[in-house]
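What follows is one structure encoded as structure tokens, with my remarks underneath.
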């Protein structure tokens with residue numbers, strides 16, 4: 001296992017980290033699938049990763065990741081705590097709420113979290129998070145009180161991560177990226193502002209959907225040149241842990257066109273890398289719609305359709321009447337955005353809302 005510096009924290013983390021979503025049990029509405037091992041099995045899976053050199057484990061509160069947080073707490077009891085780096089997170093944006101969650105997480109883990117993230121920060125809640133008495137203020141206070149090691153902002157949005165990179169209260173950022181959805185990683189790689197922050201990335205396998213068109217070695221090797229500290233892999237079985245952590249994978253360099261060509265063996269993908277420069281004057285997240293279309297075609301059918309149904313009918317209606325086309329002006333992949341939204345619209349019409357009940 002190779003290790004990287006976690007920004008300016010002084011911590012060194014394994015290049016590949018353990019994402020705990022797949023080890024949860026029970027029903028968590030925001031998550032589509034998991035493996036549901038019992039606590040004893042989950043601890044053994046985490047121990048296998050540890051024995052292969054993984055020292056970074058990421059989880060979230062019970063409402064988001066089910067019992068994964070408490071299972072991680074049981075694992076912590078079995079190893080030398082000083083050799084672990086643990087990150088936790090909660091989707092609360094006011095200072096009072098996240099302060100409460102940190103105390104609860106520490107109780108569930110049986111230890112102080114090394115990093116605590118405000119989870120799923122987006123444009124709608126960012127002002128509250130970063131503002132006075134917001135969640136970031138609370139995390140900064142908790143750090144000074146010694147209740148957490150370092151503060152973090154987790155987001156799927158470049159503009160939010162950039163805001164975190166420029167804020168001295170933030171120590172670590174967590175974003176997403178893989179060999180397909182590489183646009184945000186490319187922007188981060190070129191922006192000096194990010195260099196003093198630890199960077200954790202997730203969705204390396206795209207929730208497992210890219211395994212098939214690509215091997216695990218290709219998916220891991222394909223992101224190694226990006227300047228992250230640790231790449232989280234969702235692990236739910238002994239086989240997954242062994243595949244991910246038992247060997248060091250060499251870098252693999254795919255051009256974006258090679259990735260798209262590989263995917264065309266199964267379907268006609270939308271060639272979007274989620275750089276997030278396609279700003280819609282009506283506020284629609286074009287790149288998110290494109291992502292969910294590709295996820296649908298890769299096999300995440302029900303979940304992706306639910307996401308698309310939240311916004312895409314309205315986005316298509318606005319797009320066909322829009323005369324500004326500013327989204328296409330900034331698209332470096334030269335995507336015919338109205339045409340692709342039309343493809344999504346036809347998919348939703350064919351699918352039928354009755355399938356979602």
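For the pair segment 306-357 and segment 237-269, the centres of their Cα atoms are 28 angstrom apart.
Test of understanding: in a Gaussian network model of the chain with alpha carbons linked when under 10 Å, which of 196, 114, 225 would top the mean-square fluctuation ranking? Maximum fluctuation in the GNM of the chain, among the listed residues, is at 225.
If you take the Cα centroid of segment 160-219 and the Cα centroid of segment 127-155, the two points sit 21 Å apart.
Across 139, 232, 341, mean-square fluctuation computed from a Gaussian network of the chain (C-alpha pairs under 10 Å connected) peaks at 341. With the simple spin-label model, which puts each label point 7 Å out from Cα in the Cβ direction, the residue 124 to residue 63 separation comes to 1.5 nm. Once the mean of 1/r is taken over each pair of separate Cα atoms and inverted, segment 104-228 shows a Kirkwood hydrodynamic radius of 15.5 Å. Taking 7 Å steps out from each Cα toward its Cβ at residue 104 and residue 1 produces label points 3.0 nm apart.
How would segment 290-336 be classified by its alpha-carbon gyration tensor: rounded, prolate or oblate, with rounded meaning a/c under 1.5 and the a/b versus b/c comparison settling the rest?
Numbers: a/c = 3.92, a/b = 1.60, b/c = 2.46.
Judged from the Cα gyration tensor, segment 290-336 comes out oblate (a/c at least 1.5, b/c at or above a/b).
The residue 261 and residue 347 beta-carbon pair, evaluated with R₀ = 30 Å, returns a calculated FRET efficiency of approximately 0.85. Quick one: grab the alpha carbon gyration tensor of segment 10-120, order the square roots of its eigenvalues as a ≥ b ≥ c, and give me rounded if a/c is under 1.5, else prolate or oblate depending on whether a/b is larger than b/c. Because a/c hits 1.5 or more and a/b fails to exceed b/c, segment 10-120 counts as oblate.
Among 343, 147, 47, the largest mean-square fluctuation in a Gaussian network model of the chain (Cα springs under 10 Å) belongs to 343.
Largest first and in whole Å, the equivalent-ellipsoid semi-axes of segment 267-356 read 21, 15, 10, each the square root of five times a Cα gyration tensor eigenvalue.
For segment 109-145, backbone nitrogen atoms closer than 17 Å to the point 7 Å from residue 314 Cα along Cα-to-C-beta are found at 123-125. All Cα-Cα distances of the chain, cut into 20 Å bins from zero to the largest, leave 29, 60, 11, 0 percent in each bin in turn.
Take every DSSP beta bridge whose two residues both sit in the chain, then give the antiparallel share in percent to the nearest 5.
Values: 4 of 32 bridges.
Percentage antiparallel, nearest 5: 10.
FYI, it's all coordinate maths here, none of it is from the lab. Bear in mind that the values here come from a model prediction, so they are computed numbers and not experimental data. Positions of Cβ are backbone-derived with ideal geometry, glycine not excepted, and every protein chain shown enters the neighbour counts.
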